[in-house]
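Working notes for the structure below.
The values are calculated or read from the model by the stated rules, or taken from the named source; none is laboratory data. Owing to the predicted nature of the structure, the values given are computational and were not obtained by experimental measurement. Counting neighbours? That spans all protein chains shown, and the Cβs are built from the backbone with ideal geometry, glycine included.
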Amino acid sequence: MICIPLKGPLAITDAWRKVQFDPEVAKKAKRRQRQSDVISTRAKEKRGINLRIFKMSYRGMDKLERMSKRSGWTTQQLRIKQAILLDRIASENADHMLEGFRRNGTVPDIAKAEGIEFNSRTEVRLWEKMFGDFYIAFSKNPSVPNAKEIIKTRMWIQKYLTVPKIIHTERGRRWAKLHSVVNNLIKKNVDPEKNLIAEVKKVLNKKMDTESTRKSTITRLRALDLIVAASIYADVVKTKTEFSAPNEYERERIWNHAYSEGMSIIYPLIEKNPELIDTIRNFNSIKPTQN
C-alpha cells in the first residue's frame, strides 16, 4: 500500500465540457461532485473521519481475529498485526481527509477551527491531528472490544515503525550506492513494494555466520540492512509523489510515512525473529553517532 498522493485543485479544461454530451461521463462527474461535497462537509467539522475507511478498520480487525483462529497465532502476534494494519488505515484516512481539505480550499478554515496556526507546517499538523482523531474514534468503537489493547500494542510497536536517527548515519555511509539504486528503480519503473520484499529476502538469506562473529553482531547488521531497504522504498515513493507536495515539510512527511509503511510491509517476513525486531526497535533508543 502506498500513501495517497496529495493533489491540488483539478484544472478546468475543454475535456470537462464532454459531460454535456456523454450521459455516462456526466453520471460519473455528478458522483465525483457528490463525493467532493461530502468531503467538504466533513472538512468543516472538527473531527474528519471517512466512514468507508473507518469501517475498514474494524472489519480488518475482525478478519485478522478469524485468521488468527485458523492459523494458530499467539495473542501477541495477532495484536501486532492488528496494530500495524490500524496504523496504515489511520494514515490512509489522514491522507484522504487532507486531500479533501486541499481540493476544497478549506485548510485555513479547518486550521482555525482546530486552533492551529496557519503557516508552512499547517498541513503537517492537520495530518497529525486527523491521524490522532482516527485513533480516538477507533478506541471508542463498540464493534472492536479489544480496541484499547490494540492501541496499546501500537504504542509498543511505534519504535519499530518510526524512523530511527541512526538511519541518517547509515545512509550517509552508503549514499553514492543508494542514490544509484533509487535512480535505477525509478528509471525502470520498478514496483517499490515488490523490490522491498525481494531485498528483505536477500538480507535474511545472506550468509554472515563466521566463528568469530557474534550472533548479536549479525542480528544488528541485518537490522541495519533492513532499515536501509525501507528507506530506499521511502525514497522511491517520495520521488513519485513529491511533485504534489507544497513545501519541504510535506515532502518530509511523505518520506517518513513511506518509511513506516515499508517497515509494516517487512514485518510479516521477520515476525518469527523477535531478536531482529527488538534490535530495530532499540535503534530508536540510541544516539545516531553510536555504532
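Can you find a residue that is hydrophobic (A, V, I, L, M, F, W, C) and within 20 Å of GLU123 (Cα to Cα) anywhere in the stretch 49-72?
yes
How many of the residues making up the stretch 65-74 are over 24 Å from the mean Cα position of the chain (by Cα) and closer than 19 Å to ASN273 by Cα?
Total meeting the criteria: 4.
Does the stretch 89-108 contain any residue that is touching a helix residue (DSSP H, G or I) at 6+ places or on another chain (Cβ under 9 Å), under 23 Å from GLU149 (Cα atoms) and among the acidic types (Asp, Glu)?
Checked the stretch 89-108: at least one residue is touching a helix residue (DSSP H, G or I) at 6+ places or on another chain (Cβ under 9 Å), under 23 Å from GLU149 (Cα atoms) and among the acidic types (Asp, Glu).
I'd like the residue in the stretch 104-156 that is aromatic (Phe, Trp, Tyr) and either outside the structural domain of ILE89 (by TED's automatic domain parsing) or not in a loop (DSSP other than H, G, I, E, B) (or both) and, out of all such residues, is surrounded by the fewest Cβ atoms within 10 Å (Cβ to Cβ).
TRP156
Could you list, in sequence order, the residues of the stretch 104-148 that are in contact with a Ser or Thr (Cβ under 7 Å, 6 or more places away or on another chain) and either modelled with pLDDT under 80 or more than 22 Å from TYR249 (Cα to Cα) (or both)?
Residues satisfying the conditions are ASN104, THR106, VAL107, ALA111, ILE116, PHE138, ALA147, LYS148.
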